[in-house]
Amino acid sequence: MAWGQDVKDQAAPIPDDINKFILASCIKCHDNNGKILARTKLNFSNWAEYSSMEGSKKASAICSELVGESMPPKSSRKSNPELIATKEQIELICKWAELLKITEEEKKVR
């Protein structure tokens, strides 16, 4: 990077193991071609445009939605049970969200 060049504060990349789950279970609604309400709340096509703080908050929201069984929606759960996250997938996503949160808190201390 050249001197004086701006460093963009962007969300951390999504780890491959989590991205695999997202591609299988979430992307249909949460990308540029997804449903308007879903993509306005979370759009994985725009993940790199989120700030690190936004990414951390979005990851925490994903964890909460999965733990609370709010995602996928009930209508999708019934017709597509394979979209439902396993206990292990939820734990993995929540640990990732917690790591991002800790990283953001450390930035505030600096």
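What follows is calculated from the coordinates using simple rules that are stated; it is not laboratory data. Quantities reported herein were computed from a predicted structural model and do not represent experimental measurements. Every residue, glycine as well, gets a Cβ built from its backbone with ideal geometry; the counts of neighbours run over all protein chains shown.
Summary table
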| read-out | value |
| --- | --- |
| Residue-averaged 222 nm ellipticity for the chain, from DSSP H runs of 4+ at -39500 (n - 2.57), nearest 500 | -17500 deg cm²/dmol |
| Projected label distance in nm at Asp17 and Thr40, using a 7 Å step from Cα toward the beta-carbon | 3.6 nm |
| Set of lysines near Lys107 by C-alpha distance (under 22 Å), chain-local residues within fewer than 8 positions excluded | Lys8, Lys57, Lys58, Lys95 |
| Among [x] 37, 33, 21; [y] 54, 28, 22; [z] 37, 28, 27, the entry that matches Cα extents along the principal axes in Å as calculated here | [y] |
